[in-house]
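The values are calculated or read from the model by the stated rules, or taken from the named source; none is laboratory data. On a predicted model such as this, the values are computed, not experimentally measured, just so you know. No Cβ is skipped: glycine too gets one built from the backbone with ideal geometry, and neighbour counts run over all protein chains shown.
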Amino acid sequence: ETGVTQSPTHLIKTRGQQVTLRCSSQSGHNTVSWYQQALGQGPQFIFQYYREEENGRGNFPPRFSGLQFPNYSSELNVNALELDDSALYLCASSLRGTHGYTFGSGTRLTVV
Amino acid sequence: EDKVVQSPLSLVVHEGDTVTLNCSYEVTNFRSLLWYKQEKKAPTFLFMLTSSGIEKKSGRLSSILDKKELFSILNITATQTGDSAIYLCAVAPASGGSNYKLTFGKGTLLTVNP
């Protein structure tokens, strides 16, 4: 059974650029959630995907968008990057209807 | 808006000490409270609590939930340097029976010195 894998592990981007982060969910899981964790803060919910559709969204602007693919993997896209977008981005997969969230190791994004 | 407050924000102890981490919450339509340990990047699951007054235990770690007073504690006895980490508390609301967002606290940074 494989866990949640995220890529890349680290990324440096310039303000105004766009970025795509990737997540492969744990085997058997059909729901993917994305979280942003700024330094010294707890993770904050960005959105969740189920059946390739957005299934709930936190307080993030539309320039944060996502996709889920038929194999349940997911992408997080952020347009027009701002300095405050610098954070650890965590992906968590789960099986709908259960409590079992499994987190990936995250992507550390630095915007300069 | 759902809210989770953890205390203390940081704690330094010596090996062998016992620590108690606190988590209070406000959530609409509570479903469960979860504790995670975050050492480097990936939060790893410790406990999930749904019923009040029932202690969950795993080795030296234990946790209990008080749904009336809206808080939970995580206890670690006989601490070891490997317990050094950020401990995150999160609440999950019931939302149409689906998995939904976790609301996290800021975490408690625990440092265990030899």
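Out of the residues in the stretch B:10-30 that are among the charged types (D, E, K, R) and in a loop (DSSP other than H, G, I, E, B), which is farthest from A:Ser105 (Cα to Cα)?
Going through the stretch B:10-30, the residues among the charged types (D, E, K, R) turn out to be B:15, B:17, B:26.
Next cut, in a loop (DSSP other than H, G, I, E, B) only: B:15, B:17.
On the way: B:Glu15: 27, B:Asp17: 29 Å.
Among those residues, the one meeting the criterion is B:Asp17.
Please tell me if A:Gln68 is buried (at least 21 other Cβ atoms within 10 Å of the Cβ), modelled with pLDDT of 95 or more and within 14 Å of chain B (Cβ to nearest Cβ).
So A:Gln68 fits the description; yes.
What about A:Ser65, is it within 29 Å of B:Ala94 (Cβ to Cβ) and touching a strand residue (DSSP E or B) at 6+ places or on another chain (Cβ under 7 Å)?
yes
State all residues of the stretch B:74-108 that are surrounded by fewer than 17 Cβ atoms within 10 Å (Cβ to Cβ) and of a type in the set (A, V, I, L, M, F, W, C); if no residue qualifies, say none.
Of everything in the stretch B:74-108, those that are surrounded by fewer than 17 Cβ atoms within 10 Å (Cβ to Cβ) and of a type in the set (A, V, I, L, M, F, W, C) turn out to be B:Ala78, B:Ala94.
Within the stretch A:1-11, track down each residue that is hydrophobic (A, V, I, L, M, F, W, C) and part of a loop (DSSP other than H, G, I, E, B).
A:Val4
I'd like to verify a number: residues in the stretch A:7-31 that are modelled with pLDDT of 95 or more and more than 9 Å from chain B (Cβ to nearest Cβ), how many?
Number satisfying all stated conditions: 17.
In the stretch A:99-112, what residues are over 11 Å from B:Lys41 (Cα atoms), more than 7 Å from chain B (Cβ to nearest Cβ) and surrounded by fewer than 18 Cβ atoms within 10 Å (Cβ to Cβ)?
Once the filter is applied, which keeps residues that are over 11 Å from B:Lys41 (Cα atoms), more than 7 Å from chain B (Cβ to nearest Cβ) and surrounded by fewer than 18 Cβ atoms within 10 Å (Cβ to Cβ), the stretch A:99-112 yields A:Gly100, A:Thr110, A:Val112.
Hey, can you tell me all the residues within the stretch A:34-43 that are surrounded by 13 or more Cβ atoms within 10 Å (Cβ to Cβ) and more than 7 Å from chain B (Cβ to nearest Cβ)?
To start, the set of residues in the stretch A:34-43 that are surrounded by 13 or more Cβ atoms within 10 Å (Cβ to Cβ) comprises A:34-38, A:41-43.
Result: A:Trp34, A:Tyr35, A:Gln36, A:Gln37, A:Ala38.
Taking only pairs six or more apart or across chains, which ones have beta-carbon atoms under 8 Å, a first residue in the stretch B:67-79 that is under 25 Å from B:Val13 (Cβ atoms) and without any contact (Cβ under 8 Å) to a residue 60 or more places away in the chain, and a second residue that is in a strand (DSSP E or B) and charged (D, E, K, R)?
Note: pairs meeting the criteria are B:Ser72/B:Asp66.
Hey, can you tell me all the residues within the stretch A:73-98 that are more than 8 Å from chain B (Cβ to nearest Cβ) and of a type in the set (D, E, K, R)?
A:Glu75, A:Glu82, A:Asp84, A:Asp85
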